[in-house]
Amino acid sequence: MAVSAAAALSSSRVDSVNPIEAENEFRAGIETLLAEVDNQSQQGSFSSDADERDAVFHEHDTRIFFFDRLLDLLGWDLGAGGNVVQEARIKVGTTKFVDYVGVNQDTHAPVLILEAKAWDRPTIKGKGGRRDWSTTSLVIAAVKHINAGRSKASAPVIAEWHEHIAQLAGYVRNFSDHYGHSVSRAVLSSGQWMLVFNDPVSIFCDFDVNDQQFHFFNREEYVAKSHVIFRQLARVHTAGSIPFPIKSSQLGNYLSKAQFSAAFHGMLIRYEASGTPVFTQRPRILVYPCMIIQRDDGVLITVIDAENPATMQISRTGQGTETLGPHLKAVETAAKELLQSCGDELGLLMVPKELAAFPGFPKGSVMDRDGIALVTPQKLFVKLIRSFSDNWLAVTGCQTHFLHDQPKVECRFNTWAACNDVDCAIGTNAINIPSTKIPRAFFVDGQPHHCAHRTVTDRRDARCYIKALDARTCCNACVYFDSCWSRSEATILPCGK
């Protein structure tokens with residue numbers, strides 16, 4: 001089970017760092033996709049009003065049979081926990097819905113806008129004396145017309161295309177002007193044609209448009225120009241994405257010695273309920289030491305070499321004293337070996353920085369109640385791995401574990417009885433058996449790492465980084481103590497008093 005947890009994380013689809021291999025896979029994929037879409041469109045689509053097939057391939061059908069699968073081929077992940085928001089709601093004046101918004105996995109900032117049209121929507125056409133103009137000339141003329149604020153009636157292109165480009169321009173401007181995000185790519189497509197703006201902010205915000213800032217593809221060109229489409233729209237090129245996790249031997253594929261900014265110790269943590277549910281199950285916490293490398297552009301890279309974890313357990317010394325020492329030492333040894341491997345791979349002496357220097361993981365989902373989470377990320381040291389339950393990535397700075405061998409202060413409130421004496425015990429009974437239920441408790445009553453004080457528990461409820469692992473861990477035994485409590489707050493805690 002221990003190996004499979006790490007293997008599951010490593011086995012998810014990743015972006016190839018070999019451009020020849022990646023582009024070849026995309027070319028093969030787009031050929032298959034087009035053949036399957038042709039077959040589906042010939043069959044027709046299901047009508048929403050009757051159990052019969054329509055002759056028209058609707059926009060909804062186009063999304064399901066073409067765009068969803070195209071984005072997958074380009075390395076984007078749709079669905080819960082993915083990096084593409086569908087029907088993304090943005091609020092600027094009236095509420096607007098963007099068909100697809102691809103986001104940066106680390107920052108959650110929008111980087112790709114894709115507006116999907118129905119399969120049978122016409123390609124761009126000029127009006128009047130512009131009917132014979134090239135596609136490139138028409139796009140430039142239409143954009144300049146929209147940037148100048150001129151009407152649809154006097155547009156150089158058919159009304160439908162004026163509306164398409166104006167809509168896309170509005171989204172790009174809203175992201176830039178109201179949220180401070182510069183979208184890297186903006187796309188209009190019916191599936192039969194595709195218009196890709198590769199510098200949309202310059203085009204629609206700075207009013208600087210030329211024929212080098214966009215690409216137009218007809219369906220017949222998709223395979224022959226698949227390498228251009230891939231380089232324009234693949235997640236690995238547009239969102240700065242890096243697979244999670246990578247091996248130390250892969251570091252050179254994602255940064256050079258000159259691009260290295262900082263290194264931090266960390267760990268991938270897996271929580272399990274051990275034993276048969278027929279009896280009381282016990283918590284089992286698996287730790288995979290990792291390095292979190294910060295590149296000079298702010299991108300964070302997670303490195304894990306060993307797929308065999310260290311199982312967190314309490315040992316006894318020859319004198320009978322309980323200790324985490326052997327477990328912490330095993331993690332420290334593995335962490336230092338990984339640090340050395342990362343440094344050797346980049347050809348530098350890598351020294352981990354203090355926890356306070358870590359920029360923080362972004363907070364929250366790519367979506368919130370009002371649409372995309374466009375707020376400034378808050379500083380977090382532990383983040384949930386959304387693809388799997390009960391898996392967390394924790395950064396620990398220059399420390400190699402999130403726990404100390406012993407709390408920094410001796411405290412009598414590690415027992416329920418002592419807390420009860422001052423009318424601050426939690427509940428009516430002590431926790432005498434490790435629990436996987438609410439509250440989760442790896443450490444039990446009387447152990448130095450356990451806390452039974454109600455006031456501490458109440459105050460830490462919304463700020464504790466490791467509550468999901470053990471809701472009763474002594475704060476003074478945790479490396480996040482100084483991040484969770486200010487100096488003034490720490491002085492009024494009952495700990496050790």
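The values are calculated or read from the model by the stated rules, or taken from the named source; none is laboratory data. Computed from a predicted structure; not experimentally measured. Cβ atoms come from the backbone with ideal geometry, glycine included; neighbour counts cover every protein chain shown. Side chains are part of the model used for accessible areas, which takes the heavy atoms of the whole protein and leaves out ligands, DNA and RNA. Shrake-Rupley method; radii C 1.70, N 1.55, O 1.52, S 1.80 Å.
If you take the Cα atoms of the stretch 259-361, find Rg, then find the Kirkwood Rh from the mean of 1/r over all pairs, what is Rg/Rh?
Values: Rg = 16.8 Å, Rh = 15.6 Å.
That ratio equals 1.08.
What percent antiparallel are the DSSP beta bridges of the chain, to the nearest 5? Can you show the working numbers first?
On the way: 62 of 68 bridges.
Given both bridge residues lie in the chain, the antiparallel proportion sits at roughly 90 percent.
Percent relative contact order of the stretch 159-299, based on C-alpha pairs within less than 8 angstrom and at least six residues apart? Don't jump to the answer; show the numbers that get you there.
Details: 155 pairs, mean separation 20.4, N = 141.
Once normalised by length, the contact order is 14 percent.
Could I get the Rg over Rh figure for the chain? Both from C-alpha atoms, Rh via Kirkwood, rounded to two places. Mind dumping the intermediate values first?
Details: Rg = 27.7 Å, Rh = 26.0 Å.
Expressed as Rg/Rh, it is 1.06.
Obtain the radius of gyration and the Kirkwood radius of the stretch 420-497 from its C-alpha atoms and give Rg over Rh. Please report the intermediate quantities before stating the final value.
Values: Rg = 12.0 Å, Rh = 12.9 Å.
In the stretch 420-497, Rg relative to Rh is 0.93.
Can you tell me the mean projection area, over all orientations, of the convex hull of the stretch 129-250's alpha carbons? Units nm², please. List each step's numbers first, then the result.
Values: hull surface 39.5 nm².
Mean projected area of the Cα convex hull: 9.9 nm².
How large is the dipole of the chain about the Cα centre if only Lys and Arg carry +1 and Asp and Glu carry -1, each at its Cβ, rounded to the nearest 20 debye? If you can, show how the numbers build up before the last one.
Working: 50 positive and 55 negative charges, 252 e Å.
Dipole size: approximately 1200 debye.
Which residue, chosen from A142, W119, V37, occupies the Cα position most advanced towards the positive end of the dipole of the chain, where the dipole is computed from +1 (Lys, Arg) and -1 (Asp, Glu) charges on Cβ about the Cα centre?
Result: A142, furthest along the dipole toward the positive end.
Towards the positive end of the charge dipole of the chain, with charges on Cβ (+1 Lys, Arg; -1 Asp, Glu), say which of A441, P245, L255 has the farthest Cα.
The residue sitting farthest along the positive end of the dipole is A441.
Karplus couplings for the stretch 431-443 from phi (6.51 cos²θ - 1.76 cosθ + 1.60, θ = phi - 60°), rounded to Hz, Gly and Pro as x?
After applying 6.51 cos²θ - 1.76 cosθ + 1.60, I find 8, 9, 10, x, 10, 9, 8, 8, x, 5, 8, 7, 8 Hz.
Need the full-extension length gain, L348 to N218, defined as separation in residues times 0.36 nm minus the C-alpha distance. One decimal, nm. Don't skip to the end; give the middle numbers.
Numbers: separation 130, 0.36 × 130 = 46.80 nm, distance 4.83 nm.
Result: 42.0 nm gained on full extension.
Rounded, prolate or oblate: which fits the stretch 156-211, taking a ≥ b ≥ c as square roots of the Cα gyration tensor eigenvalues, rounded meaning a/c under 1.5, else prolate when a/b beats b/c? Can you show the working numbers first?
On the way: a/c = 1.68, a/b = 1.61, b/c = 1.05.
It is prolate, given that a/c is not under 1.5 and a/b is the larger ratio.
My understanding is that a pair violates if its Cα-Cα distance is over 28 Å; which of K467/K497; K96/K152; K329/K497; K379/K497 do that in this structure? Numbers along the way, then the final one.
Values: K467/K497 23 Å; K96/K152 20 Å; K329/K497 30 Å; K379/K497 31 Å.
Too far apart for the 28 Å limit: K329/K497; K379/K497.
Compute the Kirkwood hydrodynamic radius of the stretch 182-316, taking the inverse of the mean of 1/r over all pairs of distinct Cα atoms, and give it in Å to one decimal. Let's see the in-between values first.
Working: mean 1/r = 0.0520 Å⁻¹.
So the Kirkwood estimate lands at 19.2 Å.
Are there any trypsin sites (Lys or Arg not before Pro) in the stretch 394-449 that are in a DSSP loop and have at most 16 other Cβ atoms within 10 Å? List them by number.
Qualifying residues, ordered by number: K408, K437.
For the stretch 382-464, compute Rh as the Kirkwood radius over C-alpha pairs and then the Stokes-Einstein diffusion coefficient at 10 °C and 1.306 mPa s; write the answer in µm²/s, rounded to an integer.
Values: Rh = 14.5 Å.
Approximately 109 µm²/s, per Stokes-Einstein.
Against the 2.2 N^0.38 Å scaling, with N counting residues, where does the stretch 202-254 land? I'd like the Cα-based Rg ratio to two decimal places.
Normalised Rg, Cα atoms only: 1.61.
Which of the lysines could a cross-linker bridge to K247, judged by Cα under 16 Å and excluding same-chain residues fewer than eight apart?
The reachable lysines, counting only those whose Cα sits under 16 Å from K247, are K336.
How large a share of the accessible area of the stretch 102-239, in percent, is made up of carbon and sulfur atoms when the probe is 1.4 Å and the other protein chains stay in place?
That share works out to 45 percent.
Given the -39500 (n - 2.57) contribution per DSSP H run of 4+ residues, what per-residue ellipticity at 222 nm results for the chain, rounded to the nearest 500 deg cm²/dmol?
Working: 14 runs with 139 residues, N = 497.
Taken over the chain, the calculation gives -8000 deg cm²/dmol.
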